[in-house]
Amino acid sequence: MPDKNLDSNISNSIDGIIDVGCIVIAHFDNPIQTEMVEFLEPVLQWKQHLGIPNSTFLGAFHILTSYLRVSPIDAKSSLLDTFRLVSPCFIADIRKEVVIEALELATCYKVESWDGYLISLAKIIGTNVVYTIDKKMDKISEIIVKFPVEKEKMDVYHQWLSSKLIE
C-alpha cells in the first residue's frame with residue numbers, strides 16, 4: 001500500500017520505478033540513446049505508468065559529469081529539458097525513513113545504496129518492478145527487474161562504454 005506521506009502524484013497507478021542508468025543513457029550521445037529515449041517518451045507522456053524519482057536526476061548529473069566526462073553545462077541542460085516537463089511520472093522523494101530502509105536493504109542484499117533505495121521506494125508505492133540497466137539487481141528476490149533495452153543492444157552499449165572509460 002502506498003505511503004500517503006509521499007507526494008500526491010504517487011498512487012497505485014505506478015507500475016514500476018525507473019533507475020538512474022536509464023536517465024543517464026537518454027541524456028548523452030551513445031549507441032543506444034535513441035532506444036532509451038523511445039522507452040522514456042511514453043513514460044513522460046503518462047502513457048506508460050512508471051515512476052521516475054526526482055533524485056534520479058541528481059544521480060544522473062553526477063554520473064554524466066564525473067564518469068562519462070559530459071560537460072556540466074551540457075549535462076544540466078539535457079537533464080533539465082526532461083525534468084522541467086510536466087508529468088505525473090516524477091516522484092518527489094526522499095524521506096528519512098526511506099533512506100534508513102535503503103541502507104538496510106543495501107546491506108542485506110550487498111548492493112549499492114541507490115539500489116536499496118529503489119527497492120524501498122518501490123515497496124512504498126506498492127510495486128515490485130524496477131526498470132534498470134543494472135544486471136546485479138536481478139538477483140534480488142523482492143523485485144522484478146525489467147531491462148528497457150534488448151540484451152544485444154545493452155551489450156553494444158556496455159562494450160562502447162568500456163572503450164570510452166579506458167580512453
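The values are calculated or read from the model by the stated rules, or taken from the named source; none is laboratory data. Here the structure is a predicted model, which means the values were calculated and not measured. FYI the Cβ positions are ideal-geometry reconstructions off the backbone, even for glycines, and counts take in every protein chain you see.
Here are the numbers for the structure shown:
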quantity	calculated
Residue satisfying condition, being closer than 16 Å to VAL43 by Cβ and among the β-branched types (Val, Ile, Thr), within set ILE100, ILE125, ILE119	ILE125
Residues that are within 14 Å of the chain's Cα centre (by Cα), β-branched (Val, Ile, Thr) and crowded, with 18+ Cβ neighbours inside 10 Å, drawn from region 121-144	VAL130, THR132, ILE133
Residues of region 56-74 satisfying the condition of being touching a residue at least 60 places away in the same chain (Cβ under 8 Å) and among the hydroxyl-bearing types (Ser, Thr, Tyr)	TYR67
Region 82-109, residues that are in a helix (DSSP H, G or I) and either acidic (Asp, Glu) or on the phi > 0 side of the Ramachandran plot (or both)	GLU97, GLU101, GLU104
Count of region 85-116 residues which are of a type outside the set (A, V, I, L, M, F, W, C) and in contact with a strand residue (DSSP E or B) (Cβ under 8 Å, 6 or more places away or on another chain)	1
Residue count, region 145-163 (criterion: surrounded by 17 or more Cβ atoms within 10 Å (Cβ to Cβ), part of a loop (DSSP other than H, G, I, E, B) and either at positive phi or not hydrophobic (A, V, I, L, M, F, W, C) (or both))	1
Sole exception among (1) modelled with pLDDT of 95 or more; (2) part of a helix (DSSP H, G or I); (3) not hydrophobic (A, V, I, L, M, F, W, C) for SER120, by number	(1)
Condition broken by SER77, with the remaining ones in (1) within 19 Å of TRP160 (Cβ to Cβ); (2) more than 16 Å from the chain's Cα centre (by Cα); (3) of a type outside the set (A, V, I, L, M) satisfied	(1)
Contacts under 7 angstrom Cβ, first residue in region 28-49 being at positive phi, partner part of a loop (DSSP other than H, G, I, E, B), 6 or more apart	TRP46/SER87; TRP46/PRO88; TRP46/CYS89
